[in-house]
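Working notes, structure below.
The values are calculated or read from the model by the stated rules, or taken from the named source; none is laboratory data. Everything numeric here is computed off the predicted structure, so don't read it as measured data. Quick reminder, even Gly has a Cβ in these numbers, built from the backbone with ideal geometry, and neighbours come from all protein chains shown.
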Amino acid sequence: MPVTYTAARRLVLAGLFLVACDDGTASTPVESAPDVEPVLDGAAPDAPAPRVDMAPVEPAPDAGLLDPAAPARIAGWPVRLVEGRPSTFEVVLSAQAEGVVRVSAEGAAMRPEAIELSADQPRATFELTAAIDADEDGGQATVWLDADGRWPIEIPIVDVHQTFELVMTPEQVDAVRRERTREARYIVGTRIGGVPGPSAEINLRGKGTFFCARRSFTVRFDEPARIGDSPPLEHLTLLSMCEDTPYLRMHSASAIMRAIGLFPAWFGFAELRYGEGTRGVYLMVERPRKAADRVSGGTDLVIRRLNDAEEEIKVPDEDDIGDREAVLGPYRALYTLADGLSGEALLDQLGRRMDYTAYLDWLALNSVLENGDYRDEVYFYARPGPVGAADPWFAIMPWDYDGVQTRCHVGNPIPEPLMYCAESGLDRPVMSDPVVQARYVERLQRLIDGPLSPAAYAEAVRRSAAELAVYLARPGVLEIMTRDGVSPAPDVDAPAMADRQAERVETLRALLP
């Protein structure tokens, strides 16, 4: 059965986009990554790229009302901060304001430290970062507006530290410790931050980690649940990070990919409890198929690539597919374009069928982070594309970053020094086609000069380490996460990871034309 987007859906999504942006800034371009062009390869020059919204749904239900007499406002209100996560805000001068309005903050670090608004400069952006704290109450930050008086704008701060409990019977606890497959399902209760949550169906996940002492789980809630700053979650994965030796690879890589615009799924650390007590720190991640559905406005097709000739269809359900080959046809066609096209024509056709610019960014990120295993860790999902795009048009979502800074997991990668462990036919034009390689080099250069610069990466890993360290101080957590006599040491591992990435960046810079 062909997978299509109706004109009605396109109009609805366009209308939702305009409503979401209607804070006086609707004409401001929204970019999915720093310095990324809003026009995709092959699209008409006036065709905007589809918006990927990385923000949770209903981001700040606990934010207060703004004073209508205040001389300025924060666009997009209500907003809130998450501990340790830099957030950018726009402050806008009110119509009734006269003279200069000075903007400062307390309770969170502000960059720049102060801003002045005036009739000549009625808008400005600033970044706030709330410190990672060990308590269970995030508190609030205050943005101060100083003119002929003083007005506070109080922004709630979300506590980043979560406790998630699976309420099991003793028999269920014993079963999940013995189980070695994902087929067995269990109905359990949940507690989120100590408060009873919805019932859920769980099963083991991650066939490569079935033999880890700390098991990973898939959780399907009976009704959507929120965890910290998450959107309403229907499905959740609880990853023990069994193969993430420093427990920092996936969390830091996911944070960077979110900043770049590649990873819209919600994620965060949590202490998992079941049975007799703590099971240590887990990475909670929204299920990719659910995240794709949320950010696309409802997708008809989600495919996980296993290799170029094999894939898993996540949406629609396999039982509902009448003609599997017809469903897969547009996706599989991506892998044959380079057989008959080259140069600008190849880039044009790739861009009309998928977000190939994002794909190149993903390849560059894998190279900079020395990700040894990623060919089968990417989802392709259909979403409305730019003007002139094919239907379906594919966006991508990476997955499972425990292979950062490891050797290639399979042999015979594509012998292109600017890539790392690349294997797919979609990767090969970076080596074989000068035009595609030039575009890849451009994307790589932008990343290592920006969100993947050594300083930016070191800061991302430092934040992950600071968050992890608070959990490790909780009773019993360090002990249960100690493996073969080696305890987690984020204060040692984070600088080591940063040093290795800095060396990799220097190696790549030396290879750039």
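Computed quantities for the displayed model
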| item | result |
| --- | --- |
| Residue match in region 176-194 (condition: surrounded by 13 or more Cβ atoms within 10 Å (Cβ to Cβ), of a type in the set (V, I, T), under 25 Å from the mean Cα position of the chain (by Cα) and within 29 Å of L81 (Cβ to Cβ)) | yes |
| Some residue of region 453-467 being more than 24 Å from R509 (Cα to Cα), touching a residue at least 60 places away in the same chain (Cβ under 8 Å), part of a loop (DSSP other than H, G, I, E, B) and outside the structural domain of Y247 (by TED's automatic domain parsing) | no |
| Selection from region 305-319 of residues that are charged (D, E, K, R) and surrounded by 10 or more Cβ atoms within 10 Å (Cβ to Cβ) | R305, D308, E311, E312, K314, E318 |
| Residue check for L328: buried (at least 19 other Cβ atoms within 10 Å of the Cβ) and out of contact with any Ser or Thr (no Cβ under 8 Å at 6 or more places or on another chain) | no |
| Counted residues, region 98-139 - those being of a type in the set (A, V, I, L, M, F, W, C), assigned to a strand (DSSP E or B) and within 28 Å of the chain's Cα centre (by Cα) | 6 |
| Residue ID - surrounded by the most Cβ atoms within 10 Å (Cβ to Cβ), chosen from residues in region 448-493 that are of a type in the set (V, I, T) and out of contact with any Lys or Arg (no Cβ under 8 Å at 6 or more places or on another chain) | V461 |
| Residue under evaluation E223, criteria (1) touching a residue at least 24 places away in the same chain (Cβ under 8 Å); (2) crowded, with 19+ Cβ neighbours inside 10 Å, criterion not met | (2) |
| Verdict on Y331 being assigned to a loop (DSSP other than H, G, I, E, B), modelled with pLDDT of 95 or more and either acidic (D, E) or over 23 Å from V160 (Cα atoms) (or both) | no |
| Count - residues of region 291-323 that are free of Cβ contacts under 8 Å to residues at least 24 places away in the same chain, in contact with a helix residue (DSSP H, G or I) (Cβ under 8 Å, 6 or more places away or on another chain) and farther than 20 Å from D376 by Cα | 0 |
| Counted residues, region 404-426 - those being surrounded by 20 or more Cβ atoms within 10 Å (Cβ to Cβ) and under 18 Å from A438 (Cα atoms) | 4 |
| Residue satisfying all of: in region 163-209; outside any strand (DSSP E or B) and of a type in the set (S, T, N, Q); farthest from R287 (Cα to Cα) among these | T169 |
| Single match in D339, D319 (criterion: part of a helix (DSSP H, G or I), among the charged types (D, E, K, R) and closer than 30 Å to P434 by Cα) | D339 |
| Single unsatisfied condition, I303 versus (1) closer than 28 Å to I480 by Cβ; (2) modelled with pLDDT of 95 or more | (1) |
| Checking R474 against (1) within 26 Å of the chain's Cα centre (by Cα); (2) of a type in the set (D, E, K, R); (3) in a loop (DSSP other than H, G, I, E, B), the condition it does not meet | (1) |
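Each row is one residue, and each column tells you yes or no for (1) modelled with pLDDT under 95; (2) under 26 Å from R226 (Cβ atoms); (3) assigned by TED's automatic domain parsing to the domain that holds D244.
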{"residue": "P156", "(1), (2), (3)": "yes, yes, no"}
{"residue": "M168", "(1), (2), (3)": "no, yes, yes"}
{"residue": "E171", "(1), (2), (3)": "no, no, yes"}
{"residue": "E183", "(1), (2), (3)": "yes, no, yes"}
{"residue": "R191", "(1), (2), (3)": "no, yes, yes"}
{"residue": "G194", "(1), (2), (3)": "yes, yes, yes"}
{"residue": "S199", "(1), (2), (3)": "no, yes, yes"}
{"residue": "R205", "(1), (2), (3)": "yes, yes, yes"}
{"residue": "A213", "(1), (2), (3)": "yes, no, yes"}
